[in-house]
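First comes the structure, then the notes that go with it.
The values are calculated or read from the model by the stated rules, or taken from the named source; none is laboratory data. Only a predicted model underlies this, so the values are computations on that prediction, with no experimental measurement involved. Reconstructed Cβ throughout: ideal geometry from the backbone, glycine too, with neighbour counts over all protein chains shown.
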Amino acid sequence: MICRATGILTASFAFFALAGSVVAHADEQRHHALSLIGEPQYGPDFKHFDWVNPDAPKGGTLRIAALGSFDSFNAYSIKGEVANGVGALLYDTLMDGSLDEPSTAYGLIAEWVSYPDDISSVTFKLRDEAKFQDGEPIKVEDVIFSFKLLKKINPSYNKYYKNVVSAEKTGDRKVTFSFDMKGNRELPLILGDLPVLPKHYYDGKGKNGKVRDPEKTTMTPPLGSGPYRVKDFKPGREVTFELVDDYWAKDLPVRRGLYNIDEIRFIYFKDRTPAFEAFLSGQIDFWPERSANAWATRYNTDAVTSGKIRKEELAHGRVAPMQSFVFNTRRDQFKDPRVRRALNLAFNFEELNKSLFYNMYQRVGSFFDNSELKASGLPQGKELELLEKFRDRLPPEVFTKAWENPVVESSGDFRKNLRAAMGLLREAGWQLDGGRLVNAEGKQMSLEFLIFQDDWKKISNAYSENLKKLGIDVRTRLIDSAQYTRRLETFDFDAITAVFSQSHSPGNEQRGYWGSAAAETNGSRNVIGIKNEVIDELIEELVRAQTREDVVAATRALDRVLLWNHYLVPQWHVPYERLASWDIFGRPEKLPSQSPGAVLATWWIDADKAANMNERRGM
């Protein structure tokens, strides 16, 4: 998965252009950092971020629960089930995102970056001291190798870097990427996301005498350049990373105070229940809680009441992710938007929120909720001008109604929603026959919810009961995580729960989420199977946007068109992270706004607390 710093965009920036502190040098403007929201917070001479402790002690072991299993240490191939932590902990990127600034990145492997006024290319100058964990310097050839490889073997990178047409060496430790379009404000920043893999490692042979194939799964720990390496592992059960003592970037301002834990150990469990019990018994050190029901009911233990375990809600400033029930539109029964709208009408969020979630959740009402990018009311101004270009290819409601989720305030409301759903299904050619919803050929609509975590059964079963009232044959199938991954990669499912995370600066990545070209590309994020020319064109409008006003207008238009095509059934979100942890940690006074619970990156093990807690835990 591609990681980008995300967060809140303040409305005070009238113009939305790539910005960065500049050091003039001949015909180059050298930037130590890039931002899509204005000037970076920290200048070229900054010593460290203010959301870290630059003098944090190093040491200790952190134990983390992972669900499922793993069969590969290859983080970038779509094949196999990759061990947790392999990408972010092992590989450095050209630039590193700030956890406290949205859409902003600072030079890591790259000492500086430059680009022409028309943003037709970008050049990175590699730091002389950058090296891989075997001591070999990171070279321009490694960057070019990584770029070409990732575009070839990973569809997400292929879509992400669609407009990048070449990478070439253009000077001493300089690499230049050329684009097939001008003015794409995101391309320099997202190329800074590029993880750099060692060309010499893949050119060489493994212990078995065979050339290493970067496209295949492997259980051989790879060579990285990042702060950690694989120390030990038990296939499918456990993997331990150790801090690299001579990590090349440990004293850089962009890394000071980060990655303070000597060992990070991922311990795998079949499902949530044994993993959570392991946490409560002290075998796991922290637990990011995603279940409102569990947050309300499963922490009534002595460890919590006595203060051994800290239970916190840490507010964040991110765009709310679109978590939703997704229906595979590659299958005929889900192609009609009236059918998909009917499925939303049959979802009783309010009852579920009350009965299972203790009213902790807010329903997601946009693909960009909790931000100014959310479409609301009727389209106006630049958004309306943009949508007018496609009026004859859009649902008329785009221009006449504000999109809203169905609401259930009483049992009467839900009966009304079910009647409306049945009406839509009839319009789409489905009829009730002996309590079965059938098409013109007499075939019953059937729907299988695919899940890999047992605690999702209650949710899917509650929804299923309502769908059965419409005559749909519904079932839930629980499979292991490896099977689940394979079936998603090949789009072999009826319905799943999917999460689409967004930034305050959307752009190129939208192609991978909703673009037609991604719909039939195995392993892409377009799990819904959207093929819509208007959406394709709106994505390109967004990619080409030059000002913040243009970005907001294009995003709202995209949001509105996605919503009115009823591609999914929105679920819920909370504007904070729920985190429980054994009281063994130290952490900075200021937590980063975009990732306040970034335990692996910014926290550290407090040796005195850990010794005392181990004694209290009887360890």
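Restricting segment 495-526 to residues that are touching a helix residue (DSSP H, G or I) at 6+ places or on another chain (Cβ under 8 Å) and more than 22 Å from LEU150 (Cα to Cα), the residue that is modelled with the lowest pLDDT is SER505.
When SER593, SER516, SER581, SER524 are checked against the criterion of being touching an Asp or Glu at 6+ places or on another chain (Cβ under 7 Å), farther than 30 Å from GLY257 by Cα and hydroxyl-bearing (Ser, Thr, Tyr), a single residue qualifies: SER516. Residues in segment 540-584 that are surrounded by fewer than 21 Cβ atoms within 10 Å (Cβ to Cβ), part of a strand (DSSP E or B), aromatic (Phe, Trp, Tyr) and modelled with pLDDT of 95 or more: TRP572 alone.
Filtering segment 215-253 to residues that are more than 16 Å from ASP134 (Cβ to Cβ), in contact with a helix residue (DSSP H, G or I) (Cβ under 9 Å, 6 or more places away or on another chain) and surrounded by 19 or more Cβ atoms within 10 Å (Cβ to Cβ) leaves VAL239, PHE241. Of all the listed residues (LYS174, LYS250, LYS182, LYS169), the sole one being farther than 19 Å from PRO116 by Cβ and of a type in the set (D, E, K, R) is LYS250. Scanning segment 351-409 for residues that are farther than 30 Å from GLU465 by Cβ and of a type in the set (Ser, Thr, Tyr) yields a count of 3. Pairing each residue of segment 409-429 that is free of Cβ contacts under 8 Å to residues at least 24 places away in the same chain with any residue that is among the β-branched types (Val, Ile, Thr), provided the two are 6+ apart or on different chains, yields C-beta distances under 8 Å for ASP413/VAL407. Output the residues belonging to segment 585-600 that are in a strand (DSSP E or B) and either touching a His at 6+ places or on another chain (Cβ under 9 Å) or not small (Gly, Ala, Ser) (or both). Across segment 585-600, the qualifying residue is only PHE585.
If the condition is being in contact (Cβ under 8 Å) with a residue 60 or more places away in the chain, in a helix (DSSP H, G or I) and surrounded by 14 or more Cβ atoms within 10 Å (Cβ to Cβ), then segment 382-407 contributes LYS382, GLU383, LEU386, LEU387, VAL398.
Residues in segment 94-148 that are assigned to a strand (DSSP E or B), surrounded by fewer than 19 Cβ atoms within 10 Å (Cβ to Cβ) and in contact with a Phe, Trp or Tyr (Cβ under 7 Å, 6 or more places away or on another chain): none. The set of residues in segment 528-574 that are of a type outside the set (A, V, I, L, M, F, W, C), farther than 26 Å from PHE179 by Cα and more than 21 Å from the chain's Cα centre (by Cα) comprises ARG560, ASN565, HIS566. Total residues in segment 285-305 satisfying the condition of being closer than 28 Å to GLU263 by Cβ, out of contact with any Asp or Glu (no Cβ under 9 Å at 6 or more places or on another chain) and not charged (D, E, K, R): the figure is 5.
The set of residues in segment 505-534 that are without any contact (Cβ under 8 Å) to a residue 60 or more places away in the chain, out of contact with any Ser or Thr (no Cβ under 8 Å at 6 or more places or on another chain) and under 20 Å from ASP392 (Cα atoms) contains only SER516.
Residues that are in contact with a Lys or Arg (Cβ under 9 Å, 6 or more places away or on another chain) and either without any contact (Cβ under 8 Å) to a residue 40 or more places away in the chain or charged (D, E, K, R) (or both) within segment 59-91 comprise ARG63, LYS79, GLU81, listed in sequence order.
Going residue by residue through segment 153-165, is there one that turns out to be modelled with pLDDT under 95 and small (Gly, Ala, Ser)? Looking through segment 153-165, at least one residue is modelled with pLDDT under 95 and small (Gly, Ala, Ser). Here SER410 does not qualify as among the hydroxyl-bearing types (Ser, Thr, Tyr), surrounded by 19 or more Cβ atoms within 10 Å (Cβ to Cβ) and either over 33 Å from the mean Cα position of the chain (by Cα) or assigned by TED's automatic domain parsing to the domain that holds PHE327 (or both). Of all residues in segment 46-79, those that are under 21 Å from LYS609 (Cβ atoms), over 25 Å from the mean Cα position of the chain (by Cα) and buried (at least 17 other Cβ atoms within 10 Å of the Cβ) total 3. Do we find that GLU441 is at pLDDT below 95 and in a loop (DSSP other than H, G, I, E, B) in this structure? Answer is no for this residue. Quick check on segment 449-462. Is at least one of its residues farther than 20 Å from PHE347 by Cα and surrounded by 14 or more Cβ atoms within 10 Å (Cβ to Cβ)? Yes, because at least one residue in segment 449-462 is farther than 20 Å from PHE347 by Cα and surrounded by 14 or more Cβ atoms within 10 Å (Cβ to Cβ). Counting only helices (runs of 4 or more DSSP H) wholly contained in segment 474-538, the ones carrying 1 or more residues that are closer than 14 Å to LEU568 by Cβ and either in contact with a Lys or Arg (Cβ under 8 Å, 6 or more places away or on another chain) or of a type outside the set (S, T, N, Q) (or both) occupy 510-514. Being hydroxyl-bearing (Ser, Thr, Tyr), without any contact (Cβ under 8 Å) to a residue 60 or more places away in the chain and within 30 Å of GLU277 (Cα to Cα) holds for only one residue in SER464, SER481, and it is SER464. Entry remark, segment 538-579: residues being under 17 Å from LYS389 (Cβ atoms) and hydroxyl-bearing (Ser, Thr, Tyr) number 1 in total. Kindly evaluate SER446 against the criterion of being of a type in the set (Gly, Ala, Ser) and touching a strand residue (DSSP E or B) at 6+ places or on another chain (Cβ under 8 Å). Yes; evaluated as a whole, the condition is true for this residue.
For segment 347-362, the count of residues that are crowded, with 16+ Cβ neighbours inside 10 Å, farther than 30 Å from ARG298 by Cα and touching a residue at least 60 places away in the same chain (Cβ under 8 Å) is zero.
One residue is enough: does segment 413-422 have a residue meeting the conditions of a type outside the set (A, V, I, L, M), buried (at least 20 other Cβ atoms within 10 Å of the Cβ) and assigned to a helix (DSSP H, G or I)? So far as segment 413-422 goes, yes, one or more of its residues are of a type outside the set (A, V, I, L, M), buried (at least 20 other Cβ atoms within 10 Å of the Cβ) and assigned to a helix (DSSP H, G or I).
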